[in-house]
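Each remark here refers to the structure printed beneath this line.
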Amino acid sequence: MEIQKSSRHSKITGDFSESLVLYWLSKHGFECSNIDHTGIDLIAKNPHTGELMGISVKSRSRNIGTEKTYVRIPSKNLLKVQEACEAFGCIPYFAIVVDAADLIRAFVISMEHLTELFPPTKTSVGWKMNPTHLNRYYNDPEIMIFEMQTKTYRWWEADTAQ
C-alpha cells in the first residue's frame, strides 16, 4: 500500500532528521547545536577527536519499493558546506538520514571521505543505498552509523476517513 505523504513532508523530514542527528550526538556526549546557516545545519564538538564539526544534514523519506534509491547531494552544496565551515572554523561533515520503510538509517561522514568514496560530478554526489554499498559503509571505520527500527501497530486506513 502506497502511503500518501503530506504536502509538507519533505520539510518535516528535514527538521526531524536534523533533530534526530542532534539528539544522537548529544546522547553520546557531543556538545552540539542546531544552527540556521547556509551550508550547515548543526555544529558539534566531538569529545573523542576534539574536532569541531560543521554538519550538513541530508534526508530522504522513501516509499516501500524505493528504499535502495540513492541520495543525490548537489555539488553546489559541497561549496556551501566548505564556506560555512571556513567561517566557523570547523571540519565539514555530512549526516545522511534515510527513512526506508521500517528502518531509519543515519550515516555521519566527513566531506573529505564522502568525496573520496564518491568523487563529485559537475552536478552531484550520489550516496548509494543498495546492499553492496550498505555493506561497504558498515565495514568502513570512517563512517559513523546508527539506525532505528520503526513499526506502526495501528493506524487509520485511507478508506475509513469521511
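Things worth noting here:
- Checking residue 103 against (1) in contact with a Ser or Thr (Cβ under 9 Å, 6 or more places away or on another chain); (2) at pLDDT 95 or above, the condition it does not meet: (2)
- Scope region 34-45; condition over 19 Å from residue 145 (Cβ atoms), part of a strand (DSSP E or B) and touching a residue at least 12 places away in the same chain (Cβ under 8 Å); matching residues: 34, 37, 40, 43, 45
- Where a residue in region 118-132 is under 16 Å from residue 145 (Cα atoms) and its partner, wherever it lies, is surrounded by fewer than 16 Cβ atoms within 10 Å (Cβ to Cβ) and not β-branched (Val, Ile, Thr), with Cβ under 7 Å and at least six apart: 129/68; 130/68
- The residues on offer are 81, 21, and the sole one that is closer than 23 Å to residue 128 by Cα, within 13 Å of the chain's Cα centre (by Cα) and either modelled with pLDDT of 95 or more or not in a strand (DSSP E or B) (or both) is 21.
- A count restricted to region 139-162 and to residues that are loosely packed, with under 11 Cβ neighbours inside 10 Å, closer than 20 Å to residue 60 by Cβ and free of Cβ contacts under 8 Å to residues at least 40 places away in the same chain stands at 1.
- Some residue of region 122-133 being modelled with pLDDT of 95 or more and either closer than 20 Å to residue 42 by Cα or touching a helix residue (DSSP H, G or I) at 6+ places or on another chain (Cβ under 7 Å) (or both): no
- Within region 100-120, the set of residues being surrounded by fewer than 21 Cβ atoms within 10 Å (Cβ to Cβ) and part of a strand (DSSP E or B) comprises 100, 103, 104, 105, 106, 110.
- The listed residue being modelled with pLDDT under 95, basic (Lys, Arg) and under 24 Å from residue 35 (Cβ atoms), out of 60, 154: 60
- Check on residue 91, touching a Leu at 6+ places or on another chain (Cβ under 7 Å) and touching a residue at least 40 places away in the same chain (Cβ under 8 Å): yes
- Filter result for the condition that a residue is surrounded by 14 or more Cβ atoms within 10 Å (Cβ to Cβ), of a type in the set (Asp, Glu), at pLDDT 95 or above and closer than 22 Å to residue 116 by Cα, over 86, 51: 51
- Long-range neighbours under 9 Å by Cβ, at least six apart or interchain, first residue surrounded by fewer than 19 Cβ atoms within 10 Å (Cβ to Cβ) within region 16-33, second in a strand (DSSP E or B) and of a type in the set (Phe, Trp, Tyr): 24/146
The values are calculated or read from the model by the stated rules, or taken from the named source; none is laboratory data. Given the structure is predicted, the values throughout are model-derived calculations rather than measurements. All Cβ positions, even for glycine, are placed from backbone atoms using ideal geometry, and neighbour counts span all protein chains on display.
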